[in-house]
Amino acid sequence: MMKHTSLALAAAGLVACLQPAMANDWNTPQEPFALYGNSYYVGTRGLSAVLITSPQGHILIDGGSDKSAPQIVRNIRQLGFKVEDIRFILNSHAHFDHAGGIAALQRLSGAQVLAGSAGMPVLASGQADKGDPQFGDLPPMAPIANVRAVRDGEVITLGPLAVTMHATPGHSRGGASWTWTALEQGKPARMVYADSLNAFGAGSFRYSGDPAYPTARADIERSIAAVAGLPCDVLVSAHPEGSDLWQRYAMRAARGNTAFIDNTACRTYADKARARLATQLAKEAAQ
Ligand SMILES: [Zn+2]
């Protein structure tokens, strides 16, 4: 029985962002590819990581899990870029499936790690936030040195690159989404790397009011609205299937990189999150 219980808990921990069936596939290898202009997908099949490149150095968004890091390194090198040229690693949220690989990627690159203020201590210590809706199910991560908190609206610049942070708390307390403009043959696309917006709590956590995180519902509602309202041509969400990345990828042969352009993508992503929140609140009301 004990064994059964701990297995169930381990499985619950892997539900960090979506259905358990997907968890086994998170680290399925994925060939890296260009999204648009200087922006490349370098993550695994189930965990996004995006590299934004420039002659003055690169910015990486998210590091997958600890098992993803070697694949991300390989993908960056396969594209012809140097991991050592990454200057900043930005994080969507401080859960093991998006931040667990950052420590290893930082060791190789020497990059500074940037995150929302509530995510910063989690990354620095490797210990889950007690106010996290999934606290209790989140495994520890390797602690990360040189982490800096970024505020809502702050712009991270590196040579010609400018990436804006949008605070999107609710799935975690320190969640962040990131936007920038990419150019391809002189034509701009508004790029969005969207944080997880799923209302998902461990154990008895209540989005409708939990002493561990009383503003969870208000936060996630505001974050969903914020992402819905972003200027958005190309969307990659922290879990790629959440923004239909693989359906778009499949159209690449016919349409080239325009396959990734969909200016309704952020609103669709937000609609799904709103439905998920309604399901969660209904479940809580029934309890
Ligand atoms: Zn998560």
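Values computed for the structure shown
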{"item": "Pairs where the first residue, in the stretch 44-69, is free of Cβ contacts under 8 Å to residues at least 24 places away in the same chain and under 17 Å from Ser92 (Cβ atoms) and the second is surrounded by fewer than 24 Cβ atoms within 10 Å (Cβ to Cβ) and of a type in the set (Val, Ile, Thr), C-beta under 8 Å, 6+ apart", "result": "none"}
{"item": "Answer from Tyr193, Tyr213, Tyr207, Tyr249 - the residue that is within 25 Å of Asn38 (Cβ to Cβ) and within 16 Å of the ligand (Cβ to nearest atom)", "result": "Tyr193"}
{"item": "Flag for Asp219 being surrounded by 16 or more Cβ atoms within 10 Å (Cβ to Cβ) and in a helix (DSSP H, G or I)", "result": "yes"}
{"item": "Test: residue in the stretch 72-91 that is within 13 Å of the ligand (Cβ to nearest atom) and either more than 21 Å from Ser39 (Cα to Cα) or of a type in the set (Ser, Thr, Tyr) (or both)", "result": "no"}
{"item": "Selection count, the stretch 161-203, where residues are free of Cβ contacts under 8 Å to residues at least 40 places away in the same chain, in a loop (DSSP other than H, G, I, E, B) and polar (S, T, N, Q)", "result": "1"}
{"item": "Elements of type helices (runs of 4 or more DSSP H) in the stretch 62-133, at least 3 residues being within 16 Å of the chain's Cα centre (by Cα)", "result": "96-99, 102-109, 120-125"}
{"item": "Filtered residues of the stretch 168-202 (kept if of a type in the set (Gly, Ala, Ser) and more than 23 Å from the chain's Cα centre (by Cα))", "result": "Gly186"}
{"item": "Qualifying positions in the stretch 48-68 - at positive phi and among the charged types (D, E, K, R)", "result": "Asp62"}
{"item": "Test: residue in the stretch 72-79 that is touching a Gly at 6+ places or on another chain (Cβ under 8 Å) and surrounded by fewer than 23 Cβ atoms within 10 Å (Cβ to Cβ)", "result": "no"}
{"item": "Hits in the stretch 54-71 (condition: crowded, with 22+ Cβ neighbours inside 10 Å and either among the hydroxyl-bearing types (Ser, Thr, Tyr) or out of contact with any Lys or Arg (no Cβ under 8 Å at 6 or more places or on another chain) (or both))", "result": "Leu60, Ile61, Asp62, Gly63, Gly64, Ser65, Ser68, Ala69, Gln71"}
{"item": "Scope the stretch 131-175; condition within 16 Å of the ligand (Cβ to nearest atom) and exposed (fewer than 14 other Cβ atoms within 10 Å of the Cβ); matching residues", "result": "Pro140"}
{"item": "Count of residues meeting criterion [in a loop (DSSP other than H, G, I, E, B), surrounded by 13 or more Cβ atoms within 10 Å (Cβ to Cβ) and polar (S, T, N, Q)] in the stretch 253-273", "result": "1"}
{"item": "Ala118 being of a type in the set (A, V, I, L, M, F, W, C), in contact with a Leu (Cβ under 6 Å, 6 or more places away or on another chain) and modelled with pLDDT of 95 or more", "result": "no"}
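The values are calculated or read from the model by the stated rules, or taken from the named source; none is laboratory data. Just so you know, these numbers come straight off a predicted model, no measurement behind them. Every residue, glycine as well, gets a Cβ built from its backbone with ideal geometry; the counts of neighbours run over all protein chains shown.
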